[in-house]
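Just below is one structure, and these are the notes that go with it.
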Protein chains: 2
Amino acid sequence: MASQHNANLSAPTAAVLLIGNEILSGRTQDLNLAYMAKGLSDHGIRLSEARVIPDDESVIVNTLNTLRHANTYVFTTGGIGPTHDDITADCVAKAFNVGIDIHPEAQSILLSYWAERDVEPNADRLRMARIPDGASLIENPVSAAPGFCVENVYVMAGVPRIMQAMFDSVLPSLQRGAVINSVSVTCDLPEGTIASPLRALQAQFPDVDLGSYPGKLDGKYKVSLVGRSSDADQLQRVEQALHRLVESAGGNVLG
Amino acid sequence: MASQHNANLSAPTAAVLLIGNEILSGRTQDLNLAYMAKGLSDHGIRLSEARVIPDDESVIVNTLNTLRHANTYVFTTGGIGPTHDDITADCVAKAFNVGIDIHPEAQSILLSYWAERDVEPNADRLRMARIPDGASLIENPVSAAPGFCVENVYVMAGVPRIMQAMFDSVLPSLQRGAVINSVSVTCDLPEGTIASPLRALQAQFPDVDLGSYPGKLDGKYKVSLVGRSSDADQLQRVEQALHRLVESAGGNVLG
């Protein structure tokens, strides 16, 4: 809503860039976006957009450059493994116009990890230690191969468990905005019945982002009326108003 | 991969545009992209990218104009309900610079549906009959309120069950490209062990898009080696080569 965007003009924003043919072919159901979206929201960072793009160098480079100039932060997932289709690190180096080479610390982390597990280092495995010049590393507590950060771009693995650990380790270091909290009132009324009073409520509270999301609960129709705002007082008043709205329209609050 | 894109230069492409604050806030896990990605792939349409954007007029209008000029088809989901936050239809009209008004057929469909269910029509409900000038309707067999198509843009509901029905009804009418089939060989070898022969195999079959996707199977590590191509003969040869590759590297094919 326009109101939400106005309220956050000076607040940090982020874009998410999911890199991988497997998502665009329908082979893989992405779970990373929702995880990051929730974490960013809880941290007061507004997620302005997300994009899913293929493992294609020019597309990755161009999209990354667009997003990193338009947002406080960019988070990428996918394409940093040892195989030939893992081209994200090289693309990030190209986007920033810097070199890329074996990073001594990344190499040392990987060599220790492999030594403990009797894994033989080889040229392909060591590709995972290739990091753009000037980047800092992001720890990978699951399988050692680190992510990295160049300026405002955080480059993470695509495997959800690894991505989540990397994201969790990065999040506390990011700029905090006003946290957008939410209230949700779920009821059994059709959207068409409550649309008019909901619109009036939105007009009364322009700084609260009011949304209406139909769905099912225990197999029965329901609609969730959700208010989001950084203003806790207004949010509480909206929650009370939503309860009154449902009762006035002859409905029942569920759950 | 470059090879895949070269192979499909003359083939139809699509972009998916998911519209909704609820996805960017982490409230809702999107399921629509994977469904469309699979359907498009099976139909021979290459999904070039997907974007998730907020319920913000200028963002929707600008993104839609970018995507519709760059792709054969654009599929949007979300924002066509009766409430104040449903602004997609108006944004589509604005993007195409056409008017928007009550569509007689859409109104008639909705009035019949409501009459059968003793639902009272009101101004908010009738918002769902507002359709950009010149659009054709997309049937909604679940809850009547139609989607619509303007030129190469297909505008659908965000509720997965409704979106899927709309998408399924539209898909047969779309231009068919060469269908990209896939073969998948899952094994218990680390990616670092097979990266080198996999790279050699990719070089040998430049028109097959070879990917390597690590994950878990019954709690144990596995990696799926996936080949995608419109050339069935090459794909079969790649599948046989993948089996040999796993055996030569001392691994077991799983599943």
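The alpha-carbon positions of segment A:182-248 define a convex hull whose volume is 73 Å³ per residue.
Around B:I100, what is the net charge, scoring Lys/Arg as +1 and Asp/Glu as -1 over all other residues with Cβ under 12 Å from its Cβ? Mind dumping the intermediate values first?
Working: positive: B:K94, B:R127, B:R130; negative: B:D90, B:D101, B:D133.
Within the 12 Å Cβ shell, the charges total 0.
Other residues with beta-carbon under 11 Å from the beta-carbon of A:L189 carry, at +1 per Lys or Arg and -1 per Asp or Glu, a net charge of -2.
If neighbour count is taken as other Cβ atoms inside 10 Å, put A:V150, B:V155, B:V59, B:V179 in order from fewest to most. Mind showing how you got there, number by number?
Details: A:V150 22, B:V155 28, B:V59 17, B:V179 13.
Fewest to most other Cβ atoms nearby, the residues stand as B:V179, B:V59, A:V150, B:V155.
Our summary gives segment B:181-248 a relative contact order of 44 percent, counting only alpha carbon pairs under 8 angstrom and 6 or more residues apart.
Taking square-rooted eigenvalues a ≥ b ≥ c of the alpha carbon gyration tensor, is segment A:144-255 rounded, prolate or oblate, where a/c under 1.5 means rounded and, failing that, a/b exceeding b/c means prolate? Don't jump to the answer; show the numbers that get you there.
On the way: a/c = 3.62, a/b = 2.01, b/c = 1.80.
Prolate, since a/c reaches 1.5 and a/b exceeds b/c.
Each residue of segment A:13-27 was assigned a 3J(HN,Hα) from its phi angle through the Karplus expression (A = 6.51, B = -1.76, C = 1.60, θ = phi - 60°), giving 10, 9, 10, 10, 10, 8, 10, x, 4, 5, 7, 6, 8, x, 5 Hz with x at Gly and Pro.
Just want the ordering: A:S182, B:S41, from fewest to most Cβ atoms lying within 10 Å of their own Cβ.
Working: A:S182 17, B:S41 21.
Ascending number of Cβ neighbours within 10 Å: A:S182, B:S41.
The convex hull of the Cα atoms of segment A:2-173, projected and averaged over all directions, covers 10.3 nm².
For chain B, the relative contact order works out to 18 percent when only alpha carbon pairs closer than 8 Å and six or more residues apart are counted. May I ask for the angle, rounded to the nearest 10°, between helix B:232-248 and the longest principal axis of chain B, with both axes built from Cα atoms and the value confined to 0 to 90°? Once rounded, the angle reads 50 degrees. Put simply, the amide H of A:G79, placed in the peptide plane, has neighbours under 5 Å in A:G158, leaving out anything fewer than 5 places away on its chain. The long axis of helix A:160-170 is offset from the longest Cα principal axis of chain A by roughly 90 degrees. Put in order of Cβ neighbour count within 10 Å, fewest first, the listed residues A:H243, B:H84 become A:H243, B:H84. Between 0 and 90 degrees, the angle of helix A:57-70 with respect to the longest Cα principal axis of chain A falls at about 50 degrees.
Please identify the trypsin sites (Lys or Arg not before Pro) of segment A:129-187 that satisfy two criteria: DSSP loop assignment and at most 15 other Cβ atoms within 10 Å. Which are they? Don't skip to the answer; put the middle values down first.
On the way: sites: A:R130, A:R161, A:R176; in loops: A:R176.
Qualifying residues, ordered by number: A:R176.
Residue pairs exceeding 27 angstrom between C-alpha atoms, taken from A:K216/B:K38; A:K216/B:K222; A:K216/B:K220; A:K38/A:K222; A:K38/B:K94: A:K216/B:K222; A:K216/B:K220; A:K38/B:K94. Comparing the protein assembly as shown with the 2.2 N^0.38 Å rule of thumb, its C-alpha radius of gyration ratio is 1.03 (two decimals).
Readers should treat all values here as calculations from the given coordinates under stated rules, not as data from a laboratory. Bear in mind that the values here come from a model prediction, so they are computed numbers and not experimental data. Heads up, the Cβs are rebuilt from the backbone with ideal geometry, glycines too, and the neighbour counts pull from every protein chain shown.
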